[in-house]
1. Residues with beta-carbon under 11 Å from that of LEU238, excluding LEU238: net charge, scoring Lys, Arg +1 and Asp, Glu -1?
2. Expressed as a rounded percentage, what relative contact order does the chain have, with Cα pairs under 8 Å and six or more residues apart?
3. With the alpha-carbon atoms as the only input, what is the per residue convex hull volume for region 180-219 in Å³?
4. On average, how much accessible surface per residue is there in region 13-114, in Å², for a 1.4 Å probe, leaving out ligands, DNA and RNA?
5. Would you mind telling me the antiparallel percentage of the DSSP bridges in the chain, rounded to 5?
6. Determine ³J(HN,Hα), in whole Hz, for all residues of region 166-175 in sequence, where each value follows from phi through the Karplus function 6.51 cos²θ - 1.76 cosθ + 1.60 and θ = phi - 60°; x replaces Gly and Pro.
7. Taking 1 over the mean of 1/r across every pair of different Cα atoms in region 103-189, what Kirkwood radius in Å do you get?
8. How many percent of the accessible area of the chain is carbon or sulfur, using a 1.4 Å probe?
Amino acid sequence: MRKKIIAGNWKMNYCVNKAEDFVSEIVNTIDTDEVDVVICPNFVALDRISELLDETNVKLGAQNVYFEDKGAFTGETSANMLAAVGVDYCIVGHSERRQYFGETNEIVNKKAKKLLEVAINPIVCVGETLEERESNKMFDVVKKQVEESLTGIDKSLLMKNVVIAYEPIWAIGTGKTATAEQANEMCKYIRSVVKDMTDEETAQNVRIQYGGSVKPSNANEILNMSDIDGALVGGASLTNDFVAIVNY
Ligand code: PGA
């Protein structure tokens, strides 16, 4: 039985004080027994939010990482540095990073592997553009992203530690959600790709989230689909809507 995982991706929002206020406000209202809940604030808020989450079941996530351990990489943050402030999960390959910062599947793969070395669980994002969907290329595009982003990762790590997030780019921040059927169809397909890369057991255990305009009004339907194991929530994670989604 795959445990659901709901992660809030705050993106570039909330300074440290606001982040602390908001987490303090919601953290006690989150019932996390049945669901893994992850909050992903900006880098500068990680340390303070880590302290706030310390005595709770809510996990801390980062939004990015660099794949080298240390050195002359101005502006970057290593996986070790994230581990040192108590980060449990880290998003890699978000479409905004692929689009604005030139992140490729190869880079995503290096980042995911580096995170696993320090026992941080990568949330690996994949998803097609509207053009790719309209020209019916979405399965090929997502297959390539999954294969190249996860290549060389040991199947026991894949099964237990990696989370895949299917986020169709046309549904991110647009208010346009994929239908629950569309989302489930792709999540199921991703599971079959993982099966071809590994085996049935790994495919049945790997967790696959859906992301893209998830909100309280659609969370229940999406999260009850057969192959969707959680949600990666952007906009709605910045308000009390996040609590409603977690308690879907
Ligand atoms: P959204 O973002 O929920 O605002 O569409 C999702 C994401 O980018 O992870």
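The values are calculated or read from the model by the stated rules, or taken from the named source; none is laboratory data. All figures in this text were calculated on a predicted structure; none of them were measured in a lab. FYI the Cβ positions are ideal-geometry reconstructions off the backbone, even for glycines, and counts take in every protein chain you see. The area values use the complete protein model at the heavy-atom level, side chains included, leaving out ligands, DNA and RNA. Shrake-Rupley method; radii C 1.70, N 1.55, O 1.52, S 1.80 Å.
1. For residues surrounding LEU238, the net value is +1.
2. 20
3. Convex hull of Cα atoms, per residue: 64 Å³.
4. Dividing the accessible area of region 13-114 by its residue count gives 51 Å².
5. 0
6. Whole-Hz 3J(HN,Hα) from phi for region 166-175: 8, 10, x, 4, 5, 9, 8, x, 9, x.
7. Computed over Cα pairs of region 103-189, the Kirkwood hydrodynamic radius comes out at 13.7 Å.
8. Ligands and nucleic acids excluded, carbon and sulfur reach 47 percent.
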